[in-house]
């Protein structure tokens, strides 16, 4: 099969967050199929091209568009059929043309828009030749923005989400309905979309983890620490760190004197960078490999309270053998059992207490990390997810593009 993947961010081997899914799909699909990639990229990403080009028949990296002027932003807000939330960063006729040119050149069987925002370049693209169009929904933007809108009190943040919501539901779900197929990462994600549009053709293609790279290990001796990993350009990750620091961290330190907090990942905003003024907190910024930092932590935390989608970072920590303390939202989509392979806590006091229990009860600590590793080996090794994807595509090959 000939498959063209498109992505909002260059999915190279060192990327943190959701795009690692696309990197691994490329890597595993290329073993048996002709696979290509069109992605947005920053200049600093180009040093990672060698980690990807060996898997690609054709690789096209498109610069992110320049920031739109206030006048154009205001005009598009009222006139454009594409919602503001899609255009604010990814307003790119160049990407639409690139995808169309690649399909015309190599006659792909499928073009997959990884992330809903990439759907705009294959939805009603007049340049695009006939091809089976798939939108891979890592997060439903309408539902995520609605959740954030309801969370915030009236003020700047709530107004921002109100602006983001304009036209989003109609456009996003029309885009899904007109695609040949929609992918979600979890059953819950599928059910959320079907509750709004029951006519959608949806298949579940699960997230995964490289169980060899994220090999199981014992925690390091010495200072006890909790660690969080995220791409802080994605606001729910930044909010999770600040929420933990404000609501859970003082309680956790009181229960576990000497505890350290390690914040890992690219583009931490100033308010997170400033946390490092506390000697017990380390803010790394971008790193080439998150694995050593996950290993350094005794517990992996996921205090996420905003957004949607699937947190692959939890699978990585489980694979390494670090027990997880997470909110319900943070662990959404993972077949987790509280007290067996994870600690789920939505109340700040319970969250801090969960950290204390794990650090002071070695039997509980070992049971949860062993069950977590077992879960990822049985259900989330990358090869398993790609097998599911291949089976779906093979079935779709029996029907011509719509």
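In table form, for the structure just shown:
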quantity: Cross-chain or 6+ apart pairs with Cβ under 6 Å, the stretch 198-223 first and farther than 24 Å from residue 371 by Cα and assigned by TED's automatic domain parsing to the domain that holds residue 184, then part of a loop (DSSP other than H, G, I, E, B) and modelled with pLDDT of 85 or more; calculated: none
quantity: Residue within the stretch 378-393 that is in a helix (DSSP H, G or I), more than 30 Å from residue 34 (Cα to Cα) and in contact with a strand residue (DSSP E or B) (Cβ under 8 Å, 6 or more places away or on another chain) present; calculated: no
quantity: Some residue of the stretch 114-126 being more than 21 Å from the chain's Cα centre (by Cα), modelled with pLDDT of 95 or more, part of a helix (DSSP H, G or I) and outside the structural domain of residue 333 (by TED's automatic domain parsing); calculated: no
quantity: Output for the stretch 337-361, where each listed residue is on the phi > 0 side of the Ramachandran plot and part of a helix (DSSP H, G or I); calculated: none
quantity: Answer residue from the stretch 90-101, given it is part of a helix (DSSP H, G or I) and in contact (Cβ under 8 Å) with a residue 40 or more places away in the chain and is nearest to residue 128 (Cα to Cα) among those; calculated: 99
quantity: Count of residues meeting criterion [closer than 18 Å to residue 343 by Cα and more than 17 Å from the chain's Cα centre (by Cα)] in the stretch 220-242; calculated: 4
quantity: Residues of the stretch 12-22 classified as under 14 Å from residue 385 (Cβ atoms) and surrounded by fewer than 24 Cβ atoms within 10 Å (Cβ to Cβ), total; calculated: 1
quantity: Complete set of residues in the stretch 139-184 that are in contact with a strand residue (DSSP E or B) (Cβ under 7 Å, 6 or more places away or on another chain) and outside any helix (DSSP H, G or I); calculated: 179, 180, 181, 182, 183, 184
quantity: Restricting the stretch 83-95 to residues that are buried (at least 19 other Cβ atoms within 10 Å of the Cβ) and within 18 Å of residue 114 (Cβ to Cβ), the residue that is modelled with the highest pLDDT; calculated: 95
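Here is a yes/no grid of residues against (1) surrounded by fewer than 23 Cβ atoms within 10 Å (Cβ to Cβ); (2) over 23 Å from residue 295 (Cβ atoms):
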site: 220; (1), (2): yes, no
site: 230; (1), (2): no, no
site: 234; (1), (2): yes, yes
site: 239; (1), (2): yes, yes
site: 243; (1), (2): yes, yes
site: 247; (1), (2): yes, yes
site: 259; (1), (2): yes, no
site: 275; (1), (2): yes, no
site: 278; (1), (2): yes, no
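The values are calculated or read from the model by the stated rules, or taken from the named source; none is laboratory data. Since the model is a prediction, treat every value here as computed from it, not as a measurement. Glycine gets a Cβ as well: all are built from the backbone with ideal geometry, and neighbour counts include every protein chain shown.
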